[in-house]
Structure formats: C-alpha cells, structure tokens
1. Summing +1 for each Lys or Arg and -1 for each Asp or Glu, what net charge is found among the other residues whose Cβ lies under 11 Å from the Cβ of residue B:181?
2. Please give every one of the aspartates and glutamates within straight-line cross-link reach of residue A:532, meaning a C-alpha to C-alpha distance under 14 Å, and leave out same-chain neighbours fewer than 8 residues apart.
3. Other chains near B:147-154: what is the mean number of their Cβ atoms within 10 Å of each residue's Cβ?
4. Under a point-charge model restricted to the Cβ atoms of Lys and Arg (+1) and Asp and Glu (-1), what is the dipole moment magnitude of the protein assembly as shown relative to its Cα centre, in debye to the nearest 20?
5. What is the packing order of peptides A:922-933, A:852-863, A:1072-1083, B:230-241, taking the mean over residues of other C-beta atoms within 10 Å and listing the highest first?
6. Calculate how large, on average over all directions, the projected area of the Cα convex hull of segment A:933-1069 is; give the answer in nm² to one decimal.
7. Using a simple charge model, +1 on the beta-carbon of Lys and Arg, -1 on the beta-carbon of Asp and Glu, nothing else, what dipole does segment B:63-140 show about its Cα centre, in debye to the nearest 20?
8. Give me the distance in nm between label points sitting 7 Å out from Cα along the Cα-to-Cβ direction at residue B:46 and residue A:617, one decimal.
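The values are calculated or read from the model by the stated rules, or taken from the named source; none is laboratory data. The structure displayed is predicted, hence computed values, not measured ones. Note: ideal-geometry Cβ built from the backbone for every residue, glycine included; neighbour counts use all protein chains shown. These area figures cover heavy atoms from the full protein model, side chains too; ligands, DNA and RNA do not enter into them. Shrake-Rupley method; radii C 1.70, N 1.55, O 1.52, S 1.80 Å.
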Amino acid sequence: MFRWSINRFCAGEEKRVGTRTVFVGHRPVSETDAYVEQKFCDNRIVSSKYTVWNFLPKNLFEQFRRIANFYFLIIFLVQVIVDTPTSPVTSGLPLFFVIIVTAIKQGYEDWLRHRADKEVNKSSVFIVENAKQVKKHSEKIKVGDIVEVKADETFPCDLIFLASSNDDGICYVTTASLDGESNFKTHYAVRDTTELRTDDDIDSLTAAIECEQPQPDLYKFVGRINIYRSNQETVARSLGPENLLLKGSTLKNTKKIYGVAVYTGMETKMALNYQGKSQKRSAVEKSINAFLIVYLCILVSKATVCTTLKYIWQSNPFNDEPWYNQKTIKERDTFKILRMFTDFLSFMVLFNFIIPVSMYVTVEMQKFLGSFFIAWDKEMYDEEIKEGALVNTSDLNEELGQVEYVFTDKTGTLTENSMKFIECCIDGHKYKEGISEVDGFSHTDGPLKYYGKAEKCREELFLRALCLCHTVQIKEGDNVDGLIVNQERSTYIASSPDEIALVKGAKKYGFTFLGHEAGCMKVQNQKNEIEKYQLLHVLNFDPVRRRMSVIVKTSTGKFLLFCKGADSSVFPRVQQDEIQQTKVHVERNAMDGYRTLCVAFKELTQEDYKKMDEQLNEAKMALQDREEKMARIFDVIETDMHLIGATAVEDRLQEHAAETIEALQTAGMKVWVLTGDKMETAKSTCYASRLFQTNTELLELTTKTMGDSDRKEDRLHELLLEYHKKLLQDFPKNSGKLKRSWTVSQEYGLIIDGSTLSLIFNPSQDSSSSNYKSIFLQICLKCTAVLCCRMAPLQKAQIVRMVKNTKGNPITLSIGDGANDVSMILEAHVGIGIKGKEGRQAARNSDYAVPRFKHLRKLLLAHGHLYYVRIAHLVQYFFYKNLCFILPQFLYQFFCGFSQQPLYDAAYLTMYNICFTSLPILAYSLLEQHINIETLTSDPRLYMKISDNAMLQWKPFLYWTFLGAFEGLVFFYGVYFLFQNSTLEDNGKVFGNWTFGTIVFTVLVFTVTLKLALDTRFWTWMNHFVIWGSLAFYVFFSFFWGGIIWPFLKQQRMYFVFAHMVTSVSTWLAIVLLIFISLFPEILLVVFKNAKRKNHQKKLSSRKESDSLSSRPSVRSSRPLLLRTFSDESNV
Amino acid sequence: MAVNYNAKEEADGHPSGVGVPGGAGKSRKPDNTAFKQQRLPAWQPILTAGTVLPAFFIIGLIFIPIGIGIFVTSNNIREYEIDYTGTDSSSPCNKCLNVSWNSTPPCTCTINFTLDQPFETNVFMYYGLSNFYQNHRRYVKSRDDSQLNGDNNSLLHPSKECEPYSMSENKPIAPCGAIANSMFNDTLELFRIDNETRTPITLNKKGIAWWTDKNVKFRNPSGNTNNLTALFQGTTKPVNWPKPVYMLDSETDNNGFINEDFIVWMRTAALPTFRKLYRLIERKNNLQPTLQAGKYSLDITYNYPVHSFDGRKRMILSTISWMGGKNPFLGIAYITVGSICFFLGVVLLVIHHKYGNRNTSADIPN
C-alpha cells in the first residue's frame, strides 16, 4: 500500500494524488475508528454550462471572447468614452441585438442539456439500505451506496462489482457507448463477496475499499477491498479494472448484480472522458476571417489616411479653427498626440460599419434555419426505418458542397448489413438453396440443391455446429402465450448480424436453435427431435483471434468443441489435409463478395476437458493479466481441430450505392473505402459498387503481395517505389493544375490492408520512413479509388487525418454506420452517420445522419452545392454592401475638413444592416436555387464548379470589392455633382447636408437591394415579399423618421428631409440615374456570362446526345474524353 | 425584423426537433409541403442577351430625350453671379475686406452690374459662400434644436453641444451654438439703374425657408405674453451678433427663432461651397419681366468677414425651373448614359448575332 502510494508520488504525472476510502454501505469498519463522512461529489451529471444565476455573466464573458464581438465591444466603448461622430447607439444596438440573439440560442441549447441531464439524474435506481431496496433518483447515489442493477440497464455510476445473480460472480457488460466495442466483456466480482446474492446478505457486508482518485483512463483501475468479518481476520483483496463496472456500460446476459459506488457523478470515468465534440470549422469561415482581415486593413488605412490628411489640412490655422467654428477650451488644451489618437479612434468608429456585426447574425441564422431543409427533405426519408435525415450541427452545411475525399465504410454503409445465408460447403461439397424452390423450403432437406453430397453425419455435425457455436439469444415476445413459433423469425438477437444469418441458415437446412434452458442449448433437428447440449464454456469472439468457440456436452456425455472464425484464423488450427477442398470454396465465395466463415470442431476427452475446465476457470479467476492468460488458454484449446466446412453470407449492396459512388466520382470526389472486412470481400464489393471499374488498374499493397518473409518492409518499399514511378509516368507534370479534371485515360485503384498500413506508419527502421510515407501518400492521392481493408477503427481515423493534412488541406467526408466508424467520423471535416443496424453510435457522433448511403448523393450534390453557393454569396454580398455603404462616408471626409462628420443620419447608420438590407439576403441565402435541385442531383459535374472554395477565392472577392468601390464612388460623386447647385426644388429653396446624405443613402439601399434582385435566380413569393417589402419599409421608415419631432433626440436633423427630397424632381431623376449606372456593369456581366453559359450548355447537351447514341458499355470508356472537353470549355 | 422572420418560419411548423439534441418526434415523416421540399413555385428569370438588349435600347431611347429635356431646361435658366468678396484690389468692396464682424460703423460698398438678358420669371436671390465649412462636425452639432423649438428649459440651459457658444457673460446664449453665432449678416440690396435713377427692387424676405422648419421645427419660446423681449428674458445674444435674436426683424412673425434668414442659415450646407436663398423677387405682372435687361447696382453692407479663412462671398440671381436651379450635370449624365446604353445595345446586338451564329455552326471546341 505504502509502496504503491509512493510509486504514485514518484510517477508525478497524476494530478490527483492519494486514495479515497469508501465504506461499503456507509458502515464503519470498526467501532474504534470514528466513522468520518468523507466528502465526495454526488452522482449528478452536469453537462450544462450555465445555471440560472451565472448565465448572464458567464455567457457574456464567453461571447466577448469571440474576436468579432470583442471588436464591436471596443468600438462601442470608444464611442461611449471618446467624443465620436456617431452616437454609441449606432453600434451598441446591433451589438446588443447580436448578443441577445446568441444568448437566447445558447440559453435554449443549455436548457435542452439541463433537460437531458435531468432525465439521467432523475432516472430511478435501486439502492440497498438496511437490507431493503430503496428506489431513488440516480443523482442521489452517494459513494459507498450499494446499488442493484438489472439486466440491460446501464450502470448509474462506477461500481465495484460485489456479486451477481450468477453463481460464479461473473457478469457480462457491453461498453458500446463508451468505446464503441459492442462485444460482451466479462467482469468478475470480488471473490469473497460473490455469495452475497440477496439484499440481506449484501447488507451484512462490512468492508472498506481503498482506491485511487478518479482518473480518465477507462482501462486502468487500482484499489483494494478490506473485508471485515466479525469472527475472522480481515481479508484484503486487490481490485483491478475487471472488478470495476463503468458508468455508461450496459449489463447483459446477467439477471442482476450488486455493486458499491466508488466514483459518482462528474468523477466517473465516463464523465472524465467526455469531451464535447471538438468544434469543426468550415472553410467558409476561414475565408470570412481572411476577408475580415482585409477589411480591417481597409478600415485602419482609411482611418490613418483621414487622420493624416486631417492634420495636414489643419496645419493651416484658418482651417483648424476659423472664427465661426471655434474649439472649446478643453479641446484646445488636449495634447496633440492624444487628440490625434482620439481622431484616429473617431475615424475608426465612423468607418467601423464596414465590418458588419450583422453578418455574423445572418450567417448563424442562415445556417440554423437552412439546416432544417436537410431534415425536411422527404427524399432522404426512409420508409423502412421511418426516419429522415438528421442534422446534428448546422455549422457545416456549406462544407457539404466542398467535399474532395469521401471515406466510406463498407459494411452497413455501402452494403445493407442485413446478412443472408447464401451457401455453405461441407467437406468441399457445395450446398446452395435451390433457386427454383425459394419459397418452398421447410424443415426437411428436400428443396436443397446439392452439388455432390457429403456424408450425412458430417452434414449434421456441421449444422449442429452452426446451431451451437454462437451467442445468439432468443427473446421471448411480449405476449405471454409463449408460442415461440409465432415469433421465431424476429426474435433472434445477437451482437452481430452474421450470427443470426448463420442460425437462420441452419434452420433452413432443418436444424433450429430453440434457445437456452437451464444451461442447456436446445436444438431441434431435422427429425423434429429436440436435442439438448449443456453449454460449458463460451470462448468469446474477439477481433484479435477473429474466431469464437463453444464447448458443449452432448446428452450422450461427449464433450465437443465447436469453433467458427475467419479462414485465416481457423486454417492454421485444423488438420492441414482438410483445408484444400474448403479453401477453394472460401476463396471463390470471397470473390463473389460474400462474408465467409469456417467451421471446425474437435472432440474432447473427459480428461482433456477437465484440464481445460480447470485452466479456464483459473484464468477467469486470475487477478493479474486475466485477458492475456485467457487468450493463451484459448490458443491452446483451439488447436488440432477438424475443419467441417465453411459458410457464405451475403451482405447485399445498398440500393443505388453504385450509382451514388459513380456520381460522387463524376463530381470530382475521390472515394476511399475503409473497411474492417477482408480484402477479397471488400474488393468484390468495390467492383460491384463500381468503385473499381474493369479497366481500373489495381495496385496492391497487402500481406499477400508483401509475402511472409522478414523482408516485408523492403519489399514494401520496393513496391511503393515501383507504383510511384508508374503513376508518375502516367500523370503529366501539369496534372496538379487540372486537379479534378479527368485528363488521365488510365485509372488506378489502390488496395492496402491494415497490417501493411501500420508498416508504413510505424516502420521498424527509422531511416527514410517518412520518405516512404510521403511516397505512399502521393500514390494514394493519384489513385482514383482506394480500398483499405482490415482496418482497425483508429487506422481509419489515421488515414483520414493523413489525407486531411496533405497539401491544400482537402475537405474530407467520412460516412459510416458503426461504432468502429466513430473515430473517422469525428476526424473528418464532415462526419456522416448512417442510421443503420449497428446501433446509433455513428449517427450520434456525426454531423449529419442519413438513413441510406444513396442519400449522400442529394445531400452533397444538391444540398451541399446550394448551401455553399448561398453562403458564399451571402458573405460576399455582405462585404460588398458595407463597402459601398461606407465608401461615400469616407469620401465625404474630404469635403468636410476631415472632421468625422457622418454622411448619414444615425438612424440610417444603425438600421442599414439590421432592417433595410438584412432580410432580402437572408431570404436569398435560404431559398436560392441558382440551378434546379433536380439538375444538380442528376448532373454531378456541376459540383466541380464550386470546388476548391471557388466562390470565396480572392478573385471573386476582388470582383465584389471593386463592384462595391465602384458603386460607392458612383453614389457619392453622383450626388456631389448634383449638389453643385443645391437648389433642387422648384421653389428655389436649398437642401442641406442631411439631404445630401439621404439621397446617397436612398440610392445605396435601392442599388444594393436591386443588385441582390439581379442575382436572385429563384423568385419565390418570399423573395418578392422581402425585397420589395424592404424597399417599401425603407421609404415608410424614412417618412416616419422625418415626420415627427422626436423628443428623445438632441437634434432633429432628419425633420422632413426625406419628404422634401421626394418632392424634388431632380432628385428623383438623379436617384434613378445613379441606380442604373451602379447596376449597369453588373447587368452587362450577367448578360455575357449567360451568353457563355447558354453556349456551354448547348455544347454539353450536344455532347450528351452523341453520348447517349453510343452503346451503353462504351459509355465508360468514352467518359474521360467527354470530361476533357468539359474541362476545356470551362477554361474558355 | 429578423427575429420576426424566424418566428414566422417556426410557425410554419418546424418543430420536428431536428438539429436539436433530444428533441421529440424525430421519426416523423417530413411534411410534403412545397416550402419544406424547397419546391415553392418560383419565377426563374435569366438575364439573357435576348431580354437585356431590347431593354438597353428602350433605356437608351428613354434616357436620351430626358437628358436633352433636362439639358435644355437647365440652359434656359438665367443665372447671374457676382463675387463681392473684394479680394481684387479694383473691387469696390476691397476696402471692406478685412472688416471684422463687430466693426462700427458697418462698411458698405456698391457693385454695379449689367444684365444682358431679362429674367422673365420669378427671380431668386442667393448668397453664396466658398471655403466655408458648414459641414464641419464641430460646427454641425453645435446647436440646440430643443431651444430652437421653443423649449423654455433649453432656452435657459443650452445643450452642452453648443460649447463654446452656450454662455456669455454668465447668461445663456439664445440661440446658442456656432451655427447661430456665425449667421450670415451682410445686407444685400438691389437697385435698378434706369437713366441714373436708382429704383430699389422689392426683395421679399418671406418664403425662403422650408415651411415645416418655419412652422414646426423652429418656434419662439412660449409664455403668456407675445412680447419677444420678455420671452427671451434672461438670455443674451450670440457673441458675434450686433443685436439680440428678438430684434432680427420688425415683423413678429419673422422675428426671434422663426426669422427665415436665421432658419435658412441653420440648415447646414452639404459642401464647403454653397449657396443659400436670401430673397425672392416676384414677378409683378405678366407684361414685364421680373428683371429687365439693363444696369443694376448691388448695395452691400459688408459685415461678414470671410477673408480670414480664404473664403469667398457671392450674390446670385437665378430663375428656377421645375428641376430647380441651373445644373448641367443631370442633363449631360442622362444623355451620356442613354447614349452608352444605346451604343452598347447596337454593339452587343452585332456581337450576339455573330456569336450566336458561330456557335450554332461550329460545335467542335478548338
């Protein structure tokens, strides 16, 4: 104990040093020791960020940590403190609005979290207190409480396993929600407490547990339990991770267990492991930030220019302080430097509208509201699971339009993951269901079609093996009538669908598994007799061994071991002479894309079994290295078996999977398949899903091509170099430029497996390893399709990360359905979950979840494309409209002695972004369809048009900036020349400076709105409503604002200014003219573009026609040609 | 507004719980409404050469006549301008150049001029100032609109914005602020010289300010007396003014804050060179032009110093058309834009025609 704690100290890494002592059931261990209540946190899970009390300060603090908000706050404070041209309200109001909206949104989200927390915290648990069960809320569990958990319940906190309903003190749990492993894990109770199987017994236990302070490592736990008995010596037992039941895992196959709570609430390992999903930022956001910096530079330079010119201009004393406009004493007394600084700040404030606060709100709102369209899409609704798409984050909508790499899982994603028993082979004889008699099969072997026939006894042995060697359970239906026959189809449950398929397959051949009964497995054989087998041991499946076994005792007293597993793990363990005939079948089946398993058996003698039984039990009870010991024993047991046969299970390709992959590839995306499955199966799936085409040249980097020798690594390097050379020859030097255009006639596919990959990533020899890694990467990037098989979950993520970090940082998308895909889903820029059969892990951790793989097509090609175009336009438009908003104000400084006189009234300054111009762009960014959804979905090539963030590159940005600058110049100088004679009314009266500003502003609002109208390709009634409504609102507001003497205003600047402006014919003429001049270049450009596009489409359609004329098979070969012309045209 | 929109969308029935963790009813089948499926009926205009080219022609055809109309109108406006600053040593007003605003007796000068053409319609007399920054921020804000609106409290407690022109001799200034303080105070009188006799021309000083300013925005302080002197009790005149605000004019409806010269001055100009309406010369009868061609003289009481800031003072006589004063810009701009439109229409038509033809015939990309 001491040494242990010293070790702890010396290790020095642990933050929480020391141990905690837990008294089981809060009972003091001895009378002499005073029972000191230790203070532990309660079992409340708090995932919420705020409480009612700290919401305001904490939320405000969080919000102002964002650089943009902070900037606006600073501007606001400057306005409050320094004498600035605009009142603090002008920037305070929008900021206030933004802050409030965000706070409401975050408050709502936090309320949801509170609700979810409450659901967890208020769930009821049973605690044993004074030999009685007390029902309590989960949050009330205290450290030291004895908790009872029943089958299929999740553990409410981290428990030390004391006793289970099983005699041997074993329970099975699945940690699927913790680490994604869905297989059952065995946990062991403390040996001395296993008998305490009732409430009374467990209440009699007096024990103290000493254990380390909570730490996040799921697989590490050290502690010991001291059990005190009144008449015996104290027993001390060490505790390890196998004694610890973690919160979040689920009890399986065990009726109930008792455990004592050691870590509760936020100290449980799950809570310590919980990290919110890391924030994914989209490429658009990065572009926005880059543009922001440009505008910030513009802003600062404008302010600097103005300040400098101001002081140059003021160097003339009669300009600085003419007799009619004298400074106050305070102004005169201020230091010049300070005055200059203040002036600079004032200019900043005056021009700060160039960086729009409202853009953030609008972008957020667009993303939030826009994401509803994905969930609402009925084409992504699946009738079978009765669910549509799910949006977990709205931040990445536009990223869907930018995907360059698609990483897809195979099982359950490309395929259905609904396994169907196809055929089997027994002793090399193939058994396949008769095609002509599909619906006629029954419990007899009649309708089966035999290709030769194995001995009857071998047949039966094989089928028995299928019926016994599994962990399938039968779930009784809810209705009590107990007729299993009624529910026989749907009631098999197992952790993997393969097992169900096999059991069902056996049933077709006449052997039906009827379930467990008192430790026996019941099997109905072909003669409708019920055979009983005593289940002695289950050697569970694990991914390392890739096989599982059962040991049963027949009614005749024979001991049998049945084993099934992957061919690679079974073949070495059976009689070598039996392999050959089966191997042929297995390989052929694998080629056909079936999942194959080999079945073997072994008869054990009584003595053998006894020995094994002892060893197994010993290993199970082992305190140290239990897993390793078990594995070693399994290894010994599963040898010298006899191969009986093999099974083939089909995993059907999902509907439209092939078309979807083809579309994605046509859209310029590279599709990689990452699967845990074996190479042959995966390869055939890839062919079936048209990832590889017949003319695709495959480059293989697998254990097969490596060979088994020790020179693996050298061989690998040779291969890498060879492939690299080959690819380089084929790809011309300029291929980088035409990155996505299919200029190559020869397509390459790469196949690599997990072990080879780890060789590349973790080479034994350090020298030149990184070099090979980069060569590998280059090979990968040049192949049109890559298949990675035999991947561990982490390797999947590794691959994604590797691609993600290559030059150019391509946008990656991962799609998968199982817990093993979670890591890659989290790693990729966009993670997509399939709401499949392997649970909800993937869907929950994804950014978007869709029911089927085929929905990816619409999600990317239509939704992604539209969202990207919408948001890109939104961003550009926002910068543009604020540039031409502020530029006249900047120019006006040259005519007002650089005095920071605002051109527009404060109300206009404030309302411009909030009211007058915000709604049309929001409506546009929600509803725009510049190309029909149908066209987008059916023509994947359109996706390439927006690749590489095309609409937010510097070129379009410059275009918009120039447009904004041009319009700003037109607005200002147009009105300036008009005001050369400020007599614009027919009664000779003159207009002042506020009329000047109002005319500019009117032209501005109309131009900016009409510019959007010009860009709108999809005019729904909403667009009409907001565009014309905004303009009408502006006019109405201006009349209203100028129509009243506002008591709260210091100056009535706008009083009747707008009304007088409207009465002047010249003003009208000028406004119309200036709007037209401003929009003129845009109209011209649109016309030219449309002419070009029409031209383009004409060419395309003519191509298409000729394409469709040619026969179907040649389409594939003609495609590169077709696409070449396409890319050539786009360069015109 | 934006929030309203949001609410509207929610009213459309979104609460299917999407995007919201833990939301209820996830499994609901999406509604098949046009809005949710993004299939709202929509007008999908495409600006093509076919639609835009005629538009160019039409716009050109509309703009050119409008431009010509404006141009002609503008050219028909008679305008006569005299710079009487007196910077030129030969100018009669040269002696007054360095006058200060409080010099007594006031400096006067007379400038003779000849109108070559008669001014047929009503004539508007303006004074113009150059290099005078009425739009300087410190200047623009230096006023108290509630004082000018007749608020008695503000009358005695002028706004801080008026500094340093809010108090004088410990009394509040009415009207306060730099704008009021620097009110233009030259007196301009116009005489027609006919055979050596000077006939004064009636200058109408009412109707030069905006109606709303005169009647609503500017008001004298209220009280139970009509005597402005009493109403302005406790205030003092702006520093530069020779006399207090209640002695600006003899007529009560043009005195105090509602003096039209004052109101006109208080509407700050947009640019440093500006003109402001000074007087109206109404046409007496239909037989004679308002101002016949001939000799005139302008008598100036030169009070307003502009030389110190390099400013200029002008007197402008102008007739007015439906489009206001003389301004060639609009007409020229319209003609130019119209012509460009028309020209581009032609050019584009030709290009489009050729382009289109080549396009249909030559399908093969180069």
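1. Details: positive: B:143, B:237; negative: none.
Around residue B:181, the charge tally is +2.
2. By straight Cα distance, residue A:532 reaches A:517.
3. What the average comes to for B:147-154 is 1.
4. Working: 171 positive and 158 negative charges, 614 e Å.
Using only the charged Cβ atoms, the result is roughly 2960 debye.
5. Going by the mean number of other Cβ atoms within 10 Å, highest first, we get A:852-863, A:922-933, A:1072-1083, B:230-241.
6. The directionally averaged projection comes out at 12.0 nm².
7. Dipole size: approximately 420 debye.
8. Taking the two extended label points, one gets 8.3 nm.
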